[in-house]
Amino acid sequence: MPMKLRGLDEMTANLKRIGASAHEQTKTALEAEATRLLDEAKSRTPVDTGALRDSGRVTLVESGTTVKATISFGDEAVDYAVEVHENLEAHHETGEAKFLEKTMNEESVNVAANLAKGIGFGKMLP
């Protein structure tokens, strides 16, 4: 006896919509969390002229369904970022060495929970 399924087209459409929504919500949550971490790292960045602190940025890269965030400091004009970050002997009136590394180490316990909250899977359902 053949079986007939009803609502299969609707279910397929809903699954596609949930998948697209999950990707966008994940991307948004990842960017928000990376920006939060960047802001914390900036608050710890040594300041002389402010160029190093101002060079901090979040970069998102998408490849298929994968989204990666990179937090970085330095650019062509601020080619000393690694030196300042790694120099444990330098005295800074404002900020500290290892400003990004310390932020990532200390905040790593919060990242997963913040991403889960930001993604909000319950919001994806129609």
Problem set entry | Test: residue in segment 73-95 that is closer than 26 Å to Ser21 by Cα and either of a type in the set (Gly, Ala, Ser) or touching a residue at least 60 places away in the same chain (Cβ under 8 Å) (or both) | no
Exercise. Restricting to segment 52-103, what's the tally of residues that are surrounded by 11 or more Cβ atoms within 10 Å (Cβ to Cβ), within 17 Å of the chain's Cα centre (by Cα) and part of a loop (DSSP other than H, G, I, E, B)?
Worked result: 3
Exercise. Condition test on Lys123, is it modelled with pLDDT under 95 and surrounded by fewer than 12 Cβ atoms within 10 Å (Cβ to Cβ)?
Worked result: yes
For this session: Give just the number: which of (1) closer than 27 Å to Glu24 by Cβ; (2) modelled with pLDDT of 95 or more does Thr65 not satisfy?
Result: (2)
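The values are calculated or read from the model by the stated rules, or taken from the named source; none is laboratory data. What you see is a predicted model; the values in this text were computed from it and never measured. For neighbour counting, all protein chains shown are included, and Cβ atoms are generated from backbone atoms with ideal geometry for every residue, glycine included.
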